[in-house]
Every structure is written in structure tokens, then in C-alpha cells.
Amino acid sequence: MKPVPKSYSSFWFKGFWIAPLLLLILTIGVFSKSNSNEGQKSKERKLRISFAYDPKTLDPRKGSEPVASTVHFALYEGLTRMNERSTHEPGVAENIDISEDKRTYTFHLRSTYWTNGDPVTAEDFAYAWRSVLDPDFPAPNAHLLYPILNAEKVKKGDLPVDSLGIEVLDEKTLRVTLERPTPYFLDVTSFCVLYPVPSKVATQNPRWAEKTDQSLVTNGPFVLESWVPTDHFVFKKSPIYWEKELVKLDEIQALTIANNTTTLALFEAGDLDFMGGFCGEIQTEWIPELVKQGRLHFTPSGATKIVTFNVATFPFCNSNIRKAFSFAIDRHSIIENITQFEELAALGFVSPLLKNGVSNEYFKDADITKAHDYLVLGLNELGLNSPADLGEIHYAYSDAATDKKIAQALQQQWNKQLGVQVRLEEYPMNHLSDKLNRRDYQMGQVTYIAQYNDLMNILDRFKIKTNLKNYPGWENNEYVQLLESSAFASTPSERFQILEKAEQIMISEMPIAGIYHWGTISMQSEKVHDLFISPVGSLHFNYTNIDD
């Protein structure tokens, strides 16, 4: 990676020049956020990063997007924790016993503490998991706990919470019984949605996680010093973390900056040490020059940009109409002209990273002939005469710059190839997530990001239509049976083949249409060491260091 240049004058991006004066003005405009004074260098190791938006919550149970996950990984720790290979390593659990039938896990907790001095107990985990599975509790990722005995039935309201396979044997021992063998279960426990909450505090004050200062009770490697919404976060090294001697950073400052040009200006001025990843965006027009300079870091991830169809709405209640829209997409054109970083066209739903590198192409990209055939079939089945009878299609997408360009390209492709009119509707990321969760949309654009390194992480979202992450609201009995039978496969190869059949069923009904599989693009100062972005896209600071 080349040194960060101290001059801005060499930067030409797609025909426009970001002038030194503009960058200086932008830097001065937000410089107060960095809380730094020229000429007064602190001996503390401070990492300065940026978030494109605020997290929706500081409660790990309710997390659903990358910025929130990054914050939760810094503030909390689970039974296991994620490592750079996106698998698990010991966290609060010092030892784990697994039964011979692979259905019972007994976690033995080490001595760790909450920031208010209370010990972290097995009850803190049991309380957190039971609340996530309460039918009335808003947890978008509740499905991650469905491997637990009766979890899915409890979340649906068919069984009481006390029927869950979760037992507190004593203060430091938690026993969990699963519905069936789940080879990826310990990887799931490393994701922040399964992290504990301080049960005593949460019982007394259900709004405990709305704190914005050091009074927030956490158990992770860092503590919250302050949070000014839409402005900045400050995290400090936790003095009570069980592995605090390995935590090198004294402080993390995270500026909330919606404007990408401002973020770049701060980075070039040396006022940010990291930008991009899933917590921000590096604009596509900058990429060619940054690639030439060798300044971009690329990390493959289990993420896929998709089009989601609300299967309960007209005309996407018809599978052939959905296929017509999918087959008409020219994915390679979008990759070559918009994203420009050699992403992989998504001709299947699951990222190759989650399939040990296997890349399946279930159909041909931009197959216009088949798109026309499916359109005619769909129109006939709906009793319509022409594409005009479909009316104006509403397409929801986020206000990120790249998402807007992709939406505009798709609008043009669908109009040209199918003769349909598409109305673009732009929303802030948090608003878009809410609309998709409530299925208050017709067609939308979003990214599916894996939370653990297994293809079931994507496939399981479509098992039941009530899952909030099942944006299309699609359900198929044969698909469900395949997912369940995969747990009893005798070999990894047999399990993979079963799950491939499930993916093929999705292809045949097309509740979503993949656009491309992608990874994280980021820039970081050469002063930063051991900040890792996991293959599932999350930022981790446990071992990060920064030069003076």
C-alpha cells in the first residue's frame, strides 16, 4: 500500500478535480469533531474511523445493520467471539462440552464482569436469548437462535418461553439443547445478536440501552465514553475486560459523516485513520484512481447486493414476472460501469465465500430472450395484455451513492428490455430497513450480509415468511424440508448437495434476484495494524494497534 499523500493536487476522479481548497474547507468544517489540537500530541493510542450513519440501537439483541454490529462487537462479548477467519474462538465461555449426538452444548463461563461491577452470569445469556425469542420483542435477527430447541415455535407464539432448550445450571454454567445437530452453532454464538445483556439492569429498566455515555452497562473490550447522535462516538479501553492486556487501543473515535467527500477530505488531511468497509462508502468514481495508486484494501465477504420482490403484492405475486425482471438484469454492465472492482455477478443467491469458494451459475446473465418469455407467461397468468398493464413499479433503495447509480441502471434496463415503467424511491438506510422489515414496499434493493460463515446463514432467512429478514415474505414447504434434512447429513458433502437443491428451488421461484457478490473496500493509514474486517464484513478492534 502506498503512503497517504500529503497533497490533494494529484487527485483526478472521472473528469472532476477535488481541489485542495475544497478539501481544506471541508476538513475545517468538521474538524471540531475530531477533538484534536494541533501541536498537542497525546500519548494515548487513538484510532479515528467514520460511520456513514448512526446505529439504530446500542442493544445487541436488536442489531440488524453493519454500523450497529461494529459498535456491538466493540462494547460486548459473547460466549464465543469472531476471529479473522469468520469462525469462532473462546470468549466469555472458557470451556464448552458438546454431547455425543451434537445437540447439547454446556458452556462454562470464565470470571468476567459488567462495567457496573456485576459478574457476567449464565442468566445474562439466558435472559438475552429468551427476550429475543419473545414474540413481542423487536429482534430482526431472531432467526439466528432458531437452532435452539423450540425457538422457532416460541417466536411464533405457539409455545411458551419456558419451553426453550435453555437452562441455567448455576451462575457460571449454561446448557443449550438444539432441535437438531447444527454444525455452525458455535459460529452463530460469535455473532453479536447472541451476546448477553445485563439481566439485573435490563429487568429494572427496559430502556437501559438508550444511554449515551459511560453509564451504559457493557462487558466488551471497550466502553462507551460518549455518543452524540449524528455527530460522533468515543469508545475507551475497558479497565475490567478479562483480556485487557491484549487490547492495544486506548480510544476509538468514530465520526458520523453522511457526506463521502467530507470523509475522504478528513482521511487525506490525516484526521481519519480508516474509512469504508460496510460502515461507510468509497464512491465508485474514486475507485479507478485509487486502484492505480494501490491504496484500496479489498476483503471478500459473504455479502450480496440483491433486488427483493414483495411476493404478496401485484405483480410480483407471480413468479414468472419476478423471473422476467431478474433475467433482464445486465449484471456485468453494472459491475464494469458502476462498482468497478471486479465483483462477481450473482447468478446464484449465496456468496461463494460461504460455499468454500464454489461459485454456481444457475442461469445466464442478461438473458433477454428468456426474460421476454417469462414476461409473456406472467402477463397471461395475470390476465394482462401488455407490460403497460403492470402500471408503474415502485422501487425502493438506500440513499448511498452507489445504490442510487445501480437503481438508475436497473430502471433503464427494465424499461428498455421489458417495456415497464419503474419509479425510483430513495430512503435513508434505516428507513429502508424498516420498510423492508414491514414489507411496506413493492420492489426494493438491499444487501444481504452474512453473520456467520456458512451458506445456511442466507438460506435460513427464507425458511419462514414471518422472519423479518425474509424481505419477500416467501415460503416453500419443499425448501423447508431440505433445510431441516441437511442437519442430519452424514458428511459435509452430502449436506452441501442438499442445500444446493434448496438454493435451486429459490432460483425456480425467484423471490429475490441477485445483482453481484461483493466484499468490503476500505482505506486505512499505514499507522494502523491488525484492524481486521472479518469475511462477514464486521470491524474488530480487539488487537488493533496504531503507531504514535
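Got at least one residue in the stretch 448-468 being part of a strand (DSSP E or B) and under 19 Å from the mean Cα position of the chain (by Cα)?
yes
Counting just the residues of the stretch 176-201 that are among the charged types (D, E, K, R) and within 23 Å of Gln451 (Cα to Cα), which one comes out surrounded by the most Cβ atoms within 10 Å (Cβ to Cβ)?
Among those residues, the one meeting the criterion is Asp187.
Being loosely packed, with under 14 Cβ neighbours inside 10 Å and part of a helix (DSSP H, G or I) is the filter here; which residues of the stretch 208-223 pass it?
Glu210
Within the group Ala303, Ala324, which residue is crowded, with 19+ Cβ neighbours inside 10 Å and assigned to a helix (DSSP H, G or I)?
Answer to the selection: Ala324.
Open to solvent by 60 Å² or more (accessible area, probe 1.4 Å), modelled with pLDDT of 95 or more and either of a type in the set (Lys, Arg) or touching a strand residue (DSSP E or B) at 6+ places or on another chain (Cβ under 7 Å) (or both): which single residue out of Glu84, Glu44, Glu94 fits that description?
Testing whether each residue is open to solvent by 60 Å² or more (accessible area, probe 1.4 Å), modelled with pLDDT of 95 or more and either of a type in the set (Lys, Arg) or touching a strand residue (DSSP E or B) at 6+ places or on another chain (Cβ under 7 Å) (or both) leaves just Glu94.
Go through (1) open to solvent by 20 Å² or more (accessible area, probe 1.4 Å); (2) in a helix (DSSP H, G or I) one by one and return the number of the condition Met506 breaks.
For Met506, the failing item is (1).
Return the residues of the stretch 385-397 that are buried (at least 16 other Cβ atoms within 10 Å of the Cβ) and within 20 Å of Thr447 (Cβ to Cβ); say none if nothing qualifies.
The answer is Tyr395, Ala396, Tyr397.
Quick check on this structure: which one of Leu145, Leu109 is open to solvent by less than 30 Å² (accessible area, probe 1.4 Å), modelled with pLDDT of 95 or more, under 20 Å from the mean Cα position of the chain (by Cα) and among the hydrophobic types (A, V, I, L, M, F, W, C)?
Only one candidate passes the filter, namely Leu145.
Pull up the stretch 164-179, narrow it to residues that are of a type in the set (D, E, K, R) and in a strand (DSSP E or B), then point me to the one that is farthest from the chain's Cα centre (by Cα).
So, considering only residues that are of a type in the set (D, E, K, R) and in a strand (DSSP E or B), the one farthest from the chain's Cα centre (by Cα) is Asp170.
Suppose the filter is over 29 Å from Leu216 (Cβ atoms) and modelled with pLDDT under 95; does Arg175 pass it?
no
Of all residues being of a type in the set (Val, Ile, Thr) and out of contact with any strand residue (DSSP E or B) (no Cβ under 8 Å at 6 or more places or on another chain) in the stretch 453-493, which is most open to solvent (accessible area, probe 1.4 Å)? Just the residue, please.
Only one residue tops the list, namely Thr466.
Looking at Phe235 and the list (1) touching a helix residue (DSSP H, G or I) at 6+ places or on another chain (Cβ under 9 Å); (2) open to solvent by 30 Å² or more (accessible area, probe 1.4 Å); (3) under 20 Å from Asn116 (Cα atoms), which single condition is not satisfied?
Tallying (1) touching a helix residue (DSSP H, G or I) at 6+ places or on another chain (Cβ under 9 Å); (2) open to solvent by 30 Å² or more (accessible area, probe 1.4 Å); (3) under 20 Å from Asn116 (Cα atoms), Phe235 fails exactly one: (2).
Starting from residues that are in a strand (DSSP E or B) and among the aliphatic types (A, V, I, L, M), keep the ones in the stretch 306-321 and report whichever is farthest from the chain's Cα centre (by Cα).
This residue is Val307.
If I filter the stretch 271-280 for residues that are in a loop (DSSP other than H, G, I, E, B) and open to solvent by 30 Å² or more (accessible area, probe 1.4 Å), do I get at least one hit?
no
Restricting the stretch 368-425 to residues that are of a type in the set (Ser, Thr, Tyr) and within 24 Å of the chain's Cα centre (by Cα), which is farthest from Ile512 (Cα to Cα)?
Thr402
Any residue that is over 30 Å from Gly78 (Cβ atoms), at pLDDT 95 or above and not basic (Lys, Arg) - is there at least one of those in the stretch 482-490?
No, there is no match, as no residue in the stretch 482-490 is over 30 Å from Gly78 (Cβ atoms), at pLDDT 95 or above and not basic (Lys, Arg).
Would you confirm whether any residue within the stretch 328-346 is touching a residue at least 60 places away in the same chain (Cβ under 8 Å), open to solvent by 10 Å² or more (accessible area, probe 1.4 Å) and over 27 Å from Leu436 (Cα atoms)?
Yes, because at least one residue in the stretch 328-346 is touching a residue at least 60 places away in the same chain (Cβ under 8 Å), open to solvent by 10 Å² or more (accessible area, probe 1.4 Å) and over 27 Å from Leu436 (Cα atoms).
Take Glu500 and decide whether it is at pLDDT 90 or above and open to solvent by less than 50 Å² (accessible area, probe 1.4 Å).
Answer is yes for this residue.
Restricting the search to the stretch 365-384, which residues are open to solvent by 70 Å² or more (accessible area, probe 1.4 Å), touching a helix residue (DSSP H, G or I) at 6+ places or on another chain (Cβ under 7 Å) and not aliphatic (A, V, I, L, M)?
Lys370, Glu381
State whether the residues of the stretch 521-532 include one that is among the hydrophobic types (A, V, I, L, M, F, W, C), in a loop (DSSP other than H, G, I, E, B), over 16 Å from the mean Cα position of the chain (by Cα) and within 21 Å of Ile282 (Cβ to Cβ).
Scanning the stretch 521-532 turns up at least one residue that is among the hydrophobic types (A, V, I, L, M, F, W, C), in a loop (DSSP other than H, G, I, E, B), over 16 Å from the mean Cα position of the chain (by Cα) and within 21 Å of Ile282 (Cβ to Cβ).
Within the stretch 240-250, is even one residue surrounded by fewer than 19 Cβ atoms within 10 Å (Cβ to Cβ) and more than 26 Å from Val528 (Cα to Cα)?
no
Here is a list of conditions, (1) closer than 26 Å to Ala409 by Cβ; (2) at pLDDT 90 or above, and Thr520 meets all of them except one; can you say which number that is?
Result: Thr520 fails condition (2) only.
For the list (1) open to solvent by 10 Å² or more (accessible area, probe 1.4 Å); (2) at pLDDT 95 or above, I need the number of the one condition that Met443 fails.
Failed condition: (1).
Among residues belonging to the stretch 398-434 that are free of Cβ contacts under 8 Å to residues at least 12 places away in the same chain and closer than 23 Å to Thr230 by Cβ, point out the one that is surrounded by the most Cβ atoms within 10 Å (Cβ to Cβ).
So the residue we want is Asp434.
The values are calculated or read from the model by the stated rules, or taken from the named source; none is laboratory data. What you are looking at is a predicted structure, and each value in this text was computed from that prediction instead of being measured. Cβ coordinates were reconstructed from backbone atoms using ideal geometry, including for glycine residues, and neighbour counts include every protein chain displayed. The protein model used for the area step is the full one, side chains on, heavy atoms only, and it has no ligands, DNA or RNA in it. Shrake-Rupley method; radii C 1.70, N 1.55, O 1.52, S 1.80 Å.
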